[in-house]
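The values are calculated or read from the model by the stated rules, or taken from the named source; none is laboratory data. Just so it is clear, the model here is predicted, and its values are computed rather than measured. Cβ sites come from the backbone with ideal geometry, for glycine too, and all protein chains shown count toward neighbours. Side chains are part of the model used for accessible areas, which takes the heavy atoms of the whole protein and leaves out ligands, DNA and RNA. Shrake-Rupley method; radii C 1.70, N 1.55, O 1.52, S 1.80 Å.
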Amino acid sequence: MANDIKSPGSSVQVLAPATVANLVCGFDVLGMALQQPQDVMTVRLTEKPGIFIQKDDVYNLPVEPEKNVAGASLLALMEEWKAPVGFEVSIDKRIKPGSGLGSSAASSAGAVVAANHLLGSPFTKEDLVRFAMNGEKVASGVKHADNIAPCIYGGITLIRSIFPLDIVQLTAPPMYVTVVHPQIEVRTSDARQILRKEVQLKAAIKQWGNIAGLVTGFLKNDYDLIGRSLEDVIIEPVRSILIPGFDDVKKRSKDAGALGGGISGSGPSIFMLSKEEYVAKGVEDVMIDVYTRLGIEFKTYVTMINYEGAKCIIS
Ligand code: ADP
């Protein structure tokens, strides 16, 4: 519901969650928001029109508004708001860029959620997704919403179509999510480039059977169906080559009782879904063991689905 625009100098803090795009078989169409990690952003309404990105993150992200995904998303919002307005943006980046955990989406989504709050909430969530997709274009060269939509809506989302936008929120049974982020670099643009442009009909049939199965499993709280459907015969066989330890993590996590999982977004992070917390913690032990043996630094998270999405915490 629309409110009054806040007075210049007002600021808001936003928590913007990490997201897992694709969910194994749903390349570019499914995504899920996580409770951890989350970026913390502070956005201030300024008297002076324009976008001012503070140089205070440890990753040396660009401060030019058109190069920083937060700035690009705000520029798209300002084009529709029309009245002269200014935003000062400070990003406490806790989701490492290039992790495959939707670092760019968190900044894009967080920025427009904060701006919308400061302007008195004139825009819908769908509008905000549309603006934030401009940030994804800056990060990876293409507009996609499989991280942005769950980051803004929370939960698990199906992006049935981007042009025109058609976002469907899905329900799901309680699940734990175990994530490992091996500290190696996989660029989203590289991970996209290595994909084959054509798909065999046989593989496509398997894939759409799995997507339908996964969505149905979520909606019917059917853990077995979810587990059976977490299979990707198109993208994972190509992309997993870029992630050392992937096959080991996947096989041993399933042996430890995980429902299944795969590459988070374009990698290198890997995620696994589990029905019980003790299984999710056992999966974390597997991940720790695999990457310790490989001598690759890593970070792990045991978390759950975030149903709130990016949210303002101080106004
Ligand atoms: P992820 O999958 O974790 O989102 P991407 O590779 O898609 O990672 O996006 C990271 C890229 O976006 C990097 O090249 C980074 O420099 C660029 N970028 C620009 N602004 C931001 C920002 N505010 N937050 C994160 N990444 C940003």
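Filtering region 224-251 to residues that are part of a loop (DSSP other than H, G, I, E, B) and within 21 Å of the chain's Cα centre (by Cα) leaves LEU230, GLU231, ASP232, ILE234, ILE235, ILE243. Beta carbons closer than 7 Å, at least 6 apart along the sequence or on distinct chains, pair a first residue in region 203-216 that is within 12 Å of ASN22 (Cα to Cα) with a second that is assigned to a helix (DSSP H, G or I) for LEU214/ILE226; LEU214/SER229. Within region 107-144, the residues that satisfy the criterion of being of a type in the set (D, E, K, R) and open to solvent by 50 Å² or more (accessible area, probe 1.4 Å) are LYS125, GLU126, ARG130, LYS137, LYS143.
Of the listed requirements (1) crowded, with 18+ Cβ neighbours inside 10 Å; (2) farther than 25 Å from LYS197 by Cβ; (3) touching a helix residue (DSSP H, G or I) at 6+ places or on another chain (Cβ under 8 Å), VAL279 misses just one: (3).
For region 238-261, which positions are crowded, with 24+ Cβ neighbours inside 10 Å and touching a Leu at 6+ places or on another chain (Cβ under 8 Å)? Hits for region 238-261 are ARG239, ALA258, GLY261. One residue stands out among those in region 218-237 that are open to solvent by less than 40 Å² (accessible area, probe 1.4 Å) and farther than 21 Å from ASN147 by Cα: the one that is nearest to the ligand (Cβ to nearest atom), which is GLY227. Screening ILE152, ILE184 for residues that are surrounded by fewer than 20 Cβ atoms within 10 Å (Cβ to Cβ), within 16 Å of the ligand (Cβ to nearest atom) and under 30 Å from GLY260 (Cβ atoms) leaves exactly one candidate, ILE184. Residues that are within 18 Å of ILE263 (Cα to Cα) and in contact with a helix residue (DSSP H, G or I) (Cβ under 9 Å, 6 or more places away or on another chain) within region 158-181 comprise LEU158, MET175, TYR176, VAL177, THR178, VAL179, VAL180, listed in sequence order.
Mind listing just one residue for me: the one in region 82-98 that is within 22 Å of ARG130 (Cβ to Cβ) and at pLDDT below 95 and, of those, surrounded by the most Cβ atoms within 10 Å (Cβ to Cβ)? Of everything passing the filter in region 82-98, VAL85 is surrounded by the most Cβ atoms within 10 Å (Cβ to Cβ). The residue that is least open to solvent (accessible area, probe 1.4 Å), among those in region 282-314 that are out of contact with any Leu (no Cβ under 6 Å at 6 or more places or on another chain) and basic (Lys, Arg), is LYS299.
Elements of the type strands (runs of 3 or more DSSP E) sitting completely within region 1-77 and holding at least 3 residues that are open to solvent by less than 20 Å² (accessible area, probe 1.4 Å), touching a Ser or Thr at 6+ places or on another chain (Cβ under 8 Å) and within 13 Å of the ligand (Cβ to nearest atom): these cover 11-21, 30-46. Within region 195-208, at least one residue is surrounded by fewer than 17 Cβ atoms within 10 Å (Cβ to Cβ), within 16 Å of the ligand (Cβ to nearest atom) and on the phi < 0 side of the Ramachandran plot.
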